[in-house]
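J.: Pasting a structure below so you can have a look.
The values are calculated or read from the model by the stated rules, or taken from the named source; none is laboratory data. A quick note: this is a predicted structure, and the numbers were derived from the prediction, not measured. Ideal geometry is used to build each Cβ from the backbone, glycine not excepted, and the neighbour counts take in all protein chains shown. To get the accessible areas, we keep the full protein, side chains included, count just its heavy atoms, and leave off ligands, DNA and RNA. Shrake-Rupley method; radii C 1.70, N 1.55, O 1.52, S 1.80 Å.
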Amino acid sequence: MCREKVAIITDSCADVPKELVKRYSIFVLPMQIVCEDGMYRDGVDIGAEEIYERLKREMPKSSTPSGADVEDLLGELVKRGYQKAIAVLLAGGLSGTVNQVRLIAEEFEGLEVAVYDSKEASIGIGVIAIQAAEYALSGMGFEELKKRVEGLIEGTKVFFSIHTLEYLKKGGRIGKMTALAGTLLDIKPIMSFDEDGEIYAAAKVRSRKGVQKRLLQLMEDCRREGRPYNLVVADGGAREEREALEEELKVLFPDYRALYRAEIGAALSIYLGAGLLGAGIQYLEE
């Protein structure tokens, strides 16, 4: 019996490390970034460090992948012999990428694409794509993969804190009063995504020093005894803090199957700025 060949697609907001993109043959659609001097493609010709510099003098904007990039990728998959694909994309509450890819895929001949709203961002999307790709490489069929992806979306929870609310406010991603209060009181909100893929404040910490401790407490609250799991950590220009958080996380959850590390890419950095710190857990089926 011929094994099904299933492609795994995500977008650049998944922040999958390049070595894992290569290892698991994950296909990444680059978000578009609009700057004063032109259009760029996230992870292709612009990165987070350049965004941090640009934020000092301008407010770039992000957009969904170009329709041409989506069509070109689907065409490339057909050329490579794929007949099925699974796309795990940025939370629909933040972007129209899910609807865009779904509409283009429905009209594309020769490739069946199951499109999923990850209801996450950054490595929260990435860890779903990575695990799905691992299943696909092991020979899991398309129908079973779809069921597993639904379970992975339900079983993935990521929390993140940012250094300032300024860029979320400027980008229209947060209410003005909430941003103002956070600025005045030096509150460091720890955010996550709810069941509908909308951002909410999971906790509020008075200072940067308390962020790591509160992240670990939130992770502990998500513990599900007896379930296998993967861990994730992420940062945006805060590598030392991320490394310290990772060591604490390993102590709290020592039986992890895999631990994935991510650096926030250009598109998300527009709204998050430098200084993000995040941690999460992904529960797997037995």
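J.: What is the angle, in °, between the Cα long axis of helix 67-79 and the longest principal axis of the Cα atoms in the chain? Nearest 10 is fine, range 0 to 90.
T.: 40 degrees
J.: Working out 0.36 nm times the residue gap between GLU220 and ARG239, then minus their Cα-Cα distance, what length gain in nm do you get to one decimal?
T.: That pair, GLU220 and ARG239, stretches by 4.6 nm at full extension.
J.: Let me ask you something else. With the dipole of the chain worked out from charges on the C-beta (+1 for Lys and Arg, -1 for Asp and Glu) around the Cα centre, which of PRO189, ILE104, ILE281 lies farthest toward the positive end?
T.: PRO189
J.: Given the peptides 6-14, 35-43, 155-163, arrange them by the average over their residues of other C-beta atoms within 10 Å, most packed first.
T.: Output ranking for 6-14, 35-43, 155-163: 6-14, 155-163, 35-43.
J.: A follow-up question, please. Just to confirm the number: angle between the C-alpha axis of helix 239-252 and the first principal axis of the chain, 0 to 90 degrees, nearest 10?
T.: It works out to around 80 degrees.
J.: Pick out, from MET39, VAL149, GLY236, the residue whose Cα sits farthest towards the positive end of the charge dipole of the chain, with +1 on the Cβ of Lys and Arg and -1 on the Cβ of Asp and Glu.
T.: Projecting each Cα onto the dipole axis, the largest value belongs to GLY236.
J.: Something else now. Using alpha carbons only, how many degrees (0 to 90, rounded to 10) separate the axis of helix 211-221 from the longest principal axis of the chain?
T.: The two axes meet at around 50 degrees.
J.: Taking 0.36 nm per residue of sequence separation and subtracting the Cα-Cα distance, how much length would be gained by fully extending the chain between GLU150 and TYR200, in nm to one decimal?
T.: Result: 15.8 nm gained on full extension.
J.: With charges only on Cβ, +1 for K and R and -1 for D and E, what is the dipole size of the chain about its Cα centre, in debye, rounded to 20?
T.: 720 debye
J.: A further question on this structure: Between (i) -0.48, -1.02; (ii) -0.67, -1.13; (iii) -0.41, -1.00, which entry matches log10 I(q)/I(0) by the Debye sum over Cα atoms at q = 0.09, 0.14 Å⁻¹ as derived from the coordinates of this structure?
T.: Computed from these coordinates, log10 I(q)/I(0) by the Debye sum over Cα atoms at q = 0.09, 0.14 Å⁻¹ corresponds to label (iii).
J.: Right, something else. Of all accessible surface on the chain at a 1.4 Å probe, what whole percent is carbon and sulfur?
T.: Carbon-and-sulfur percentage of accessible area, whole number: 48.
J.: So how far apart, in nm, are the two label points at LYS209 and ARG57 if each is 7 Å from Cα heading toward Cβ?
T.: Going from the LYS209 label point to the ARG57 one covers 3.7 nm.
J.: How far apart, in nanometres, would the label points at ARG23 and GLU112 be if each is projected 7 angstrom from Cα along the Cα-to-Cβ direction?
T.: 3.1 nm
J.: Rounded to the nearest 500, what is the 222 nm mean residue ellipticity of the chain from helices alone, with -39500 (n - 2.57) per DSSP H run of 4+ residues and division by all residues?
T.: -11500 deg cm²/dmol
J.: Work out the length of the dipole vector of segment 1-89 about its Cα centre, built from +1 on the beta-carbon of each Lys and Arg and -1 on the beta-carbon of each Asp and Glu, and round it to the nearest 20 debye.
T.: 540 debye
J.: Could you sort 202-212, 234-244 so that the peptide with the highest average Cβ count within 10 Å comes first and the rest follow in order?
T.: 234-244, 202-212
J.: Find the percent of Cα-Cα distances in segment 224-286 that exceed 16 Å, and round it to a whole number.
T.: 48 percent
J.: From the residues SER25, PHE160, ALA85, which one has its Cα farthest along the dipole of the chain in the positive direction, the dipole being from +1 and -1 charges on Cβ of Lys/Arg and Asp/Glu about the Cα centre?
T.: Result: PHE160, furthest along the dipole toward the positive end.
J.: Treating the beta-carbon of each Lys and Arg as +1 and of each Asp and Glu as -1, no other charges, what is the dipole magnitude of segment 39-162 about its Cα centre, to the nearest 20 debye?
T.: 300 debye
J.: Heavy-atom accessible area per residue, the chain, 1.4 Å probe: how many Å²?
T.: It amounts to 47 Å² per residue over the chain.
J.: Now for a different question. Sorted by packing (mean other beta-carbon atoms within 10 Å per residue), highest first, where do 53-61, 84-92 land?
T.: Highest-to-lowest ranking by the protection proxy: 84-92, 53-61.
J.: Can you tell me the length gained on complete extension of the stretch ASN99 to LEU259, counting 0.36 nm per residue apart and subtracting the Cα distance?
T.: Going from the current span to full extension adds 54.6 nm.
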